[in-house]
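Undergrad: The structure follows.
Every number in this text was worked out from the coordinates using simple rules, so none of it is lab data. All values reported here derive from a predicted model rather than from experimental measurement. Methodologically, a virtual Cβ is constructed for each residue, glycine included, from the backbone with ideal geometry; neighbour enumeration extends over all protein chains shown.
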Amino acid sequence: MNRFSYARPGSVADAVRELAGHPAAKVIAGGTNLVDLMKYNVERPTHLVDVGRLPGLKEIEEAGEGLRIGALVSNTAAAYDERVKERYPLLSSAILAGASPQLRNAATTGGNLLQRTRCYYFYDPATPCNKREPGSGCPAKNGQNRILAILGTSEHCIATHPSDMCVALAALEAVVKVVGPNGERSIPMADFHRLPGNMPEKDTNLHADEIILGVELPEPRFAKHYTYLKLRDRLSYAFALVSVAAALEMDGDTIGEARIALGGVAHKPWRVEEAEMMLRGKTADRRVFAAVAERILEGAQGFGHNDFKVDLARRAVIRALSQAARGTPQSQTDKRIQ
Amino acid sequence: MADLELKTRQGFAPDAGHESGASALPDEIPITLTVNGRRQELHVRPWTTLLDLLREDMSLYGTKKGCDHGQCGACTVLIDGQRMNSCLALAVTKDGSEITTIEGLASPDGTLHPLQEAFIEHDAFQCGYCTPGQICSGVALLREGHAKTAEEIREHMSGNLCRCGAYTNIVDAIESVMAKETAK
């Protein structure tokens, strides 16, 4: 690990000032991703701003008809919160599908949003990587790309975002609240993470001098018909090859509002609103689900080792929509897929 | 807490000379940790992990370094009652916390924790390297109350790998303590 200085500001305002005064600083809270990356010399901050104890960010509170989850709420606390379980079980399920109990205890809501990719080349400073070192190249395209993206890639980067939580937040249309030197602003989940384009080093639209305050969930609508289906190389404690968050409003067999977000396939949680619209007013039916899956995967392209993901994602969407329509969400303990 | 604010407000000097090999390292930062019931004043560099502090500075070798990247669970300890990977926790960020390691689970008179007894009873280890992490993790699992069945215990122990493959007996050991606690 490189050498760095450390500060633990006592208020959000002090933290923002501290960050503004140190351009090469990084924010640390749980540290589960940052410390790991620092040990690999992928991240080399000269200064750490410890936001882990900032007051007012550890609460889960009512926010209008929705719920606000503070940036410092641990993944465990969010997943097991009674209000989250009752009103946003999709979020609870997605969080529990990720990492291990130890990591979920340490990891925070804000930190989960800012997780970096698990691309092998990004993690290995001995290899080029446009995300780690802009302009150095992307060996993943012709290399070991089994775990990498099939949608929204660019010639510069085919990394995926590794979070499960974020896939559920995207489907639920959560809004990320942030604060910087110019005050607070709100970023809808759809705009929070970026596609790589020609700036793969930039994962999100959060500015370098901004701090996440929390996420706001809108009015709950999908507490009955939802699922988080995660497919991976081992049944627990592994990143998704493909995951699907599906949420439906159902009136008998007829679908109302529908949301589908995919994880493990792109640089951000992948949503195609046009595909969701195809479900509105339709009877829940496998043929309809197949057409929706086809639309979501339009333009999907593998890079060799990850070619299988296109078909896997298509099938996962169909299965997830069936689970959601039936009201039988995927169990995160019993991994058999019904 | 007021004292803590004072201490941290000033920040700590950056390491200007590090790259050139010159001397100036950042000051050591004073922290307080209560480790296995004993409150201790310590001075740490900002990059020292809790795992390295426990093993190298406090001679608590029970907590193991496996992968050192949060993937194996061998370094699991309880931080303010919650199980965490000590390899991914910078010690300075845990200032003021209560830490329990494998050395702190037995009673002061030497009576083992029921889960330690159960690991012996059920032969829940072979080489033993992952065992301290498995036991700390299992103790937390029992307190958390989210896992009730063998299947759930497996899922909630998924953060602790055992290369010897003692999983079956580890689950049995945890299940046996859970059954005794339920019967109480």
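Undergrad: Once whole DSSP H runs in chain B are found, which of them have Cα atoms spread over 20 Å or more along the helix axis and a mean Kyte-Doolittle score of at least -1.0?
TA: Span-like helices, by this rule, are B:167-183.
Undergrad: Sticking with this structure for a sec: Under the definition of Cα pairs under 8 Å and six or more residues apart, what whole-number percent is the relative contact order of region B:35-184?
TA: It comes to 25 percent, rounded to a whole number.
Undergrad: Any idea what the dipole of chain A comes to, in debye rounded to 20, about its Cα centre with Lys/Arg Cβ at +1 and Asp/Glu Cβ at -1?
TA: So the magnitude is around 980 debye.
Undergrad: Using R₀ = 25 Å, calculate the FRET efficiency as 1/(1 + (r/R₀)^6) where r is the Cβ-Cβ separation of residue A:285 and residue A:190; round to 0.05.
TA: 0.35
Undergrad: Separation of region A:178-240 and region A:34-108 by C-alpha centroid, Å?
TA: Using only Cα atoms to place each centre, the spacing works out to 12 Å.
Undergrad: What is the magnitude of the charge dipole of region B:114-183 about its Cα centre, with +1 placed on the Cβ of each Lys and Arg, -1 on the Cβ of each Asp and Glu, and no other charges, expressed in debye to the nearest 20?
TA: So the magnitude is around 160 debye.
Undergrad: Select from A:278, A:250, A:165 the residue whose mean-square fluctuation is largest in a Gaussian network model of chain A (Cα-Cα springs shorter than 10 Å).
TA: Of the options given, A:278 has the highest mean-square fluctuation.
Undergrad: So what is log10(I(q)/I(0)) for region A:93-241 at q = 0.08, 0.19, 0.21 1/Å, when the Debye sum runs over its Cα atoms only?
TA: Once normalised to I(0) and log-transformed, intensities are -0.25, -1.30, -1.43.
Undergrad: Please express the Cα-Cα pair-distance distribution P(r) of region B:114-183 as a list of whole percents, one per 5 Å bin, running from 0 to the bin with the greatest distance.
TA: Binned Cα distances yield the sequence 3, 19, 35, 28, 12, 3, 0.
Undergrad: Quote to one decimal, in nm, the extra length available between residue B:109 and residue B:179 on full extension: 0.36 nm per residue of separation minus the C-alpha distance between them.
TA: My answer for the length gained is 22.7 nm.
Undergrad: Related question: For the charge dipole of chain A, defined by +1 on Lys and Arg C-beta atoms and -1 on Asp and Glu C-beta atoms about the Cα centroid, which residue among A:207, A:270, A:255 has the Cα displaced farthest towards the positive pole?
TA: A:270
Undergrad: Which of A:31, A:142, A:300 sits farthest toward the positive end of the charge dipole of chain A, with +1 on the Cβ of Lys and Arg and -1 on the Cβ of Asp and Glu?
TA: A:142
Undergrad: Moving on. So what's Rg/Rh here for region A:114-166, counting alpha carbon atoms and using the Kirkwood radius for Rh?
TA: Dividing the radius of gyration by the Kirkwood radius yields 0.94.
Undergrad: In Å, what Rg and Dmax follow from the Cα atoms of chain A?
TA: Expressed in Å, the Cα Rg and Dmax of chain A come to 19.4, 60.
Undergrad: What residues qualify as long-range amide H neighbours of residue B:85, i.e. H under 5 Å apart, gap of 5 or more or another chain, H built at 1.01 Å from N?
TA: Under 5 Å from the amide H of residue B:85 lies no amide H from a residue far enough along the sequence or on another chain.
Undergrad: Taking the Cβ of residue A:39 as the centre, find all other residues whose Cβ is under 14 Å away and add up their charges (Lys, Arg: +1; Asp, Glu: -1).
TA: Result for the local shell: 0.
Undergrad: Give me P(r) over chain B, computed from all C-alpha to C-alpha distances, binned every 5 Å, as integer percentages.
TA: Binned Cα distances yield the sequence 1, 8, 15, 18, 17, 13, 10, 7, 5, 4, 2, 0, 0.
Undergrad: Nearest-5 percent of antiparallel DSSP beta bridges in chain A?
TA: 85 percent
Undergrad: Output the 0 to 90 degree angle, nearest 10, between the alpha-carbon long axis of helix A:308-326 and the longest principal axis computed from the alpha carbons of chain A.
TA: 70 degrees
Undergrad: Less than 19 Å apart at the alpha-carbon level, and either on another chain or at least 8 residues along: which aspartates and glutamates does that give for residue A:282?
TA: Those aspartates and glutamates meeting the cut-off are A:249, A:251, A:253, A:257, A:273, A:274, A:294.
Undergrad: For chain B, with the dipole built from +1 on Lys and Arg beta-carbon atoms and -1 on Asp and Glu ones, taken about the Cα centre, which of B:120, B:32, B:67 lies farthest toward the positive end?
TA: B:120
Undergrad: Return, for the Cα atoms of region A:54-177, the radius of gyration and Dmax in Å, separated by a comma.
TA: In Å, with Rg to one decimal and Dmax whole: 16.9, 50.
Undergrad: A further question on this structure: In the structure shown, do any of A:202/A:335; A:26/B:148; A:58/A:202; B:64/B:180; A:85/B:64 have a Cα-Cα gap over 31 Å, and if so which?
TA: The pairs that break the limit, which is 31 Å between Cα atoms, are A:202/A:335; A:26/B:148; A:85/B:64.
Undergrad: If R₀ is 25 angstrom, what is the calculated FRET efficiency for the pair residue B:148 and residue B:126, using the beta carbon separation as r and rounding to 0.05?
TA: 0.35
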